[in-house]
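Coordinate-derived values only; no laboratory data. Keep in mind that what you see is a predicted model, and the values were worked out from it rather than measured. Cβ atoms come from the backbone with ideal geometry, glycine included; neighbour counts cover every protein chain shown.
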Amino acid sequence: MYIPKDNDMLYSMVNMKLRDQYDSLEDFCECEDVDPARLIARLNGAGYEYDEVHNKFTPILDPLLSSDNSDSGSSFEFFDNSEYSDNSECSDNSDNSSQKISQK
């Protein structure tokens, strides 16, 4: 079997074959004469892991980016809207505009 040099192309090709032709990674490697340990190591190094339940490689999720990280958001500075909390000008303008529309 031709093994693409580009890891993303390899990921795509292996997943396509797993989806369309093979019931497991073992079957794929045996029929295509591919060393499973080398394939898994290469795709792991490229950021993919094998999911046996779904019979496909999936991107490895970065635990630092997960939503359950207790320190999430600490590296971001958010805009403080407290000085703009008084929307009286907006509400007055919206009242006037609605009166103008209703008068027409």
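Points to keep in mind about this one:
- Around I60: net Lys/Arg minus Asp/Glu count, Cβ-Cβ under 12 Å: -3
- Karplus (6.51, -1.76, 1.60) ³J(HN,Hα), θ = phi - 60°, over the stretch 16-25, in Hz, Gly and Pro reported as x: 4, 5, 4, 5, 8, 10, 10, 8, 7, 5
- Positive-end extreme of charge dipole, the stretch 7-61 - chosen from L25, M13, A37 (charges on Cβ): M13
- Annotation: amide H-H contacts under 5 Å for Y48 (H modelled 1.01 Å from N, sequence separation of 5 or more, or interchain): I60.
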